[in-house]
Amino acid sequence: MITEERVRYVAGLANLTLSDREIHRMAADLSGILVHIDKLNEIDTEGVEPMAQVLFDNEETATLRADVERPSLSNADAVANAAITSGGYFKVPKVIER
Amino acid sequence: MDVRSLTIDQIRAGLASKQFSAAEITTSALEFAQAENAKTNAYLHFCPERALASAAKIDELVAKGEPLPLLAGVPIGVKDVIVTKGVRTTCASKILEKYVPPYNATAVDRLEAAGGIILGKTTCDEFAMGSSNENSAFGPVRNPAALDRVPGGSSGGSAAVVAQGTAVVSLGSDTGGSIRQPASFCGVVGVTPTYGRVSRYGLVAFASSLDHIGPFSRNVADSATLLKAIAGRDPMDATSAFAPVPDYNATIGQSIKGLRLGLPKEYFVGMTSETADKVNKGIKLLESLGCAVQEVNLPHTEYAIATYYIICTAEVSSNLARFDGVRYTARSEKSDTLSAMYSNSRGENFGAEAKRRIMLGTYVLSHGYYEAYYIKAQKVRNLITKDFAAAFEKVDALISPVSPFPAFKLGEKVDDPVAMYLSDIYTITGDLAGIPCMSVPCGNTQDGLPIGMQILTKHFGEETMFRLAQAFETAGGFAG
């Protein structure tokens, strides 16, 4: 079971504002999913390598490329989708409270 | 010329013989798609200027008598999680509602270089998370075969446009079944290639170790052609494969006699009787074409969903961290501090399923749980992958249902996330192992709902997969 207190803590880690209603629902949903997920404890995985990625046989350096300069996005393109910009920079609310 | 039934080869022949121009196909496809779209909501937005500019290039080639590229004049829909330079790409999320990408995905560059005409962007579940298309922030898609039913998800729009005839082929993405399941629900061909076969550069990241781009079409040969056009190593995606891309169409049509097919017995439980009936008839048909069928075991199948929902949500929580209100359009207006702005922008703009997955992923990665959940799931993923490797020692391909049931009604499962997740039971294993797999139509229920049969092969076994699927499609008369 996941408590609402735990949900609030995890939402803080995820930088995600949830309403009280969402927190209530989330506790129930996550608890339901975790019951299913706990099924994995049935399997003995002693000595099994964790698989992080689908990998194929290649030389270790196969994916490296020469470190040469290439054109990149212009400053205007890079900030074009931001909600608020100023002088080619992203603009954000204050970071430190005084 | 009827855009609803044209194939890639027919378009090429028609262009070469000047029966019609690329501009004519494009105009008529756009007009038809725009008029029909209200029925299904399969397209989120159209890009007529870009489509007509692409068509003009093809007509220039025709005028000069130059050879036509692979996808010359082919009207295509692209799932709205694949970025298109200058054309809005929303991932069906409010958080990217106004996002206009400054670059193209590699798959988009390649299909346009091959002469393909992008008509517009197709609706999907928000950030490709879902099995019904009901998680779109801009309204669900309706199944062209039954408008009160879901088209499947998450690539429901891409499946629907091909079924509806408002595109000849389309691109979707598959992380846990998001191409095959909607293909089966809509009665079209849908292909999840080997992991790394198609570059993920420009596919908005959902679960990076599981994400694939792949084609939809009304016949097997068209999916093979589209895959050939977009596959191959891309330096912009370190996980893209170096293996050379075969000419899939060259081996299509060869006999499938003597191919050894495995029926994973764990995949033949829990489905509706009509689905079982059609898939079993499909297997009989393959036997009649000379394939040798045997039962095989994939013993870790029952753990696949739990494994998937740990790995995929962990990757979601990391990948979706970038949507912070700073760089991508949507920002909360009621926040005084940076931290509050991050949290409020995300809280106000992500939908319920995205929030659920971010939360589950953050939880399984959090201190004290990482080993118990995430590492454990990665170990089980290895066991699932080894099950497939062992099976492919004995057989050339596996045959199974795609989904336990045909398309369900809108709203039917929306309040039960576990039931929704369980509907992906036969498809997520292929993504976890990274093997190629596809859905090919194998008939309809009495009510006219399409059913798909799944074919899975070993890594880079697409040639065998397409050859089998096309022989099956021809023998059964299943091509659209």
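Every read-out reported here was derived from the displayed coordinates using simple, explicitly stated rules and does not represent laboratory data. In this text the structure is predicted, and so the values were computed from the model without any measurement. Neighbour counts are summed over all protein chains in view; Cβ atoms, including those assigned to glycine, are modelled from backbone coordinates with ideal geometry.
Summary of computed values
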item: Sparse-neighbour loop sites [trypsin sites (Lys or Arg not before Pro); the range B:323-367; at most 14 other C-beta within 10 Å; DSSP]; result: B:LYS334
item: Largest-first principal axis extents, alpha carbons of the range A:1-43, Å; result: 36, 18, 12
item: Centre separation in Å (Cα based) which lies between the range B:232-290 and the range B:71-131; result: 27
item: Shape box of the range B:1-145 [Cα atoms, principal axes, largest first, Å]; result: 46, 35, 22
item: Whole-Å distance, taken between Cα centres, linking the range B:291-336 and the range A:1-43; result: 16
item: 10 Å-binned pair-distance histogram of the range B:222-367 (Cα, whole percent); result: 9, 18, 22, 26, 16, 7, 2, 0
item: Magnitude of the charge dipole, the protein assembly as shown, Cβ model with Lys/Arg +1 and Asp/Glu -1, debye to 20; result: 760
item: Efficiency of FRET from Cβ geometry, A:TYR89 and A:ALA28, R₀ 51 Å, rounded to 0.05; result: 0.75
item: Amide hydrogen neighbours beyond the local backbone of B:ARG149, cut-off 5 Å, H modeled; result: B:ASN143, B:LEU410
item: Residue of A:ASP77, A:ASP38, A:ASP67 that the Gaussian network model of chain A assigns the largest fluctuation, springs spanning Cα pairs under 10 Å; result: A:ASP77
item: Karplus-derived 3J(HN,Hα), 6.51/-1.76/1.60, for each residue of the range B:335-349, Hz, glycine and proline x; result: 10, 8, 10, 4, 4, 5, 5, 4, 5, 6, 4, 6, x, 7, 10
item: Amide H contacts of B:VAL74 (H built 1.01 Å from N, under 5 Å, at least 5 apart or other chain); result: B:ILE117
item: Reachable aspartates and glutamates from B:LYS376, criterion Cα separation under 16 angstrom, eight or more residues apart if same chain; result: A:ASP38, A:GLU42, A:ASP44, A:GLU46, A:GLU49, B:GLU302, B:GLU315
item: ³J(HN,Hα) computed for each position of the range B:137-154 - Karplus, 6.51 cos²θ - 1.76 cosθ + 1.60, integer Hz, glycine/proline x; result: 6, 10, x, x, 9, 9, 6, x, 6, 6, 5, 8, 10, 6, x, x, x, 8
item: Projected-area average for the range B:396-444 over all orientations - Cα convex hull basis, square nanometres; result: 4.4
item: Compactness of the range B:81-138, expressed as Rg and Dmax over alpha-carbon positions, Å; result: 12.0, 33
item: Gyration tensor over alpha-carbon atoms, the range B:302-376, equivalent ellipsoid semi-axes in Å; result: 28, 12, 9
item: Efficiency of FRET between A:LEU13 and B:LEU422 - r from beta-carbon atoms, R0 30 angstrom, step 0.05; result: 0.60
item: Pairwise centroid distance, computed over Cα atoms, of the range B:142-194 with the range B:428-460, Å; result: 12
item: Signed unit charges on C-beta, dipole axis of chain A, positive-most listed residue A:HIS36, A:ALA82, A:GLY12; result: A:ALA82
item: The range B:350-426, Cα convex hull volume normalised per residue, Å³; result: 118
item: Pairwise FRET efficiency - B:SER5 versus B:HIS45, Cβ, R0 = 30 Å, nearest 0.05; result: 0.75
item: Check: the range B:302-376 dipole with +1 on Lys, Arg Cβ and -1 on Asp, Glu Cβ, in debye; result: 120
item: Hydrodynamic radius (Kirkwood) for the protein assembly as shown, which is based on Cα pairs only, to one decimal in Å; result: 24.1
item: Table column - 3J(HN,Hα) (Hz), the range B:37-51, Karplus curve with 6.51, -1.76, 1.60, x for Gly and Pro; result: 5, 4, 5, 10, 6, 6, 9, 7, 7, 10, 10, x, 5, 5, 4
item: Label-point separation in nm, B:ALA35 to A:VAL48, each point 7 Å along Cα→Cβ; result: 5.6
item: Restraint check, B:LYS334/B:LYS355; A:LYS91/B:LYS121; B:LYS64/B:LYS228; B:LYS18/B:LYS85; A:LYS94/B:LYS334; B:LYS228/B:LYS281, Cα-Cα greater than 24 Å; result: A:LYS91/B:LYS121; B:LYS64/B:LYS228; B:LYS18/B:LYS85; B:LYS228/B:LYS281
item: Label zone at B:ALA475, where the point sits 7 Å out along the Cα-to-Cβ direction: the range B:216-242 residues whose backbone N lies under 19 Å; result: B:219-221
item: 13 Å beta-carbon shell around B:GLY258, net charge (K/R +1, D/E -1); result: +1
item: Rh (Kirkwood; distinct C-alpha pairs) - chain A, Å; result: 19.9
item: Cα-only radius of gyration and Dmax that characterise the range B:373-480, units Å; result: 15.9, 46
item: Sum of -39500 (n - 2.57) over DSSP H runs of 4+, divided by residues of chain B (222 nm, nearest 500); result: -12000 deg cm²/dmol
item: Contact order normalised by residue count of the range B:153-220, Cα under 8 Å, 6+ apart, percent; result: 39
item: 5 angstrom amide H check on B:LEU261, placed H, neighbours 5+ away; result: B:ALA292, B:VAL293, B:GLN294, B:ASP396
item: Cα-derived Rg over Rh, computed across chain B with Rh taken as Kirkwood radius; result: 0.96
item: Projected label distance in nm at B:ASP247 and B:LYS386, using a 7 Å step from Cα toward the beta-carbon; result: 4.1
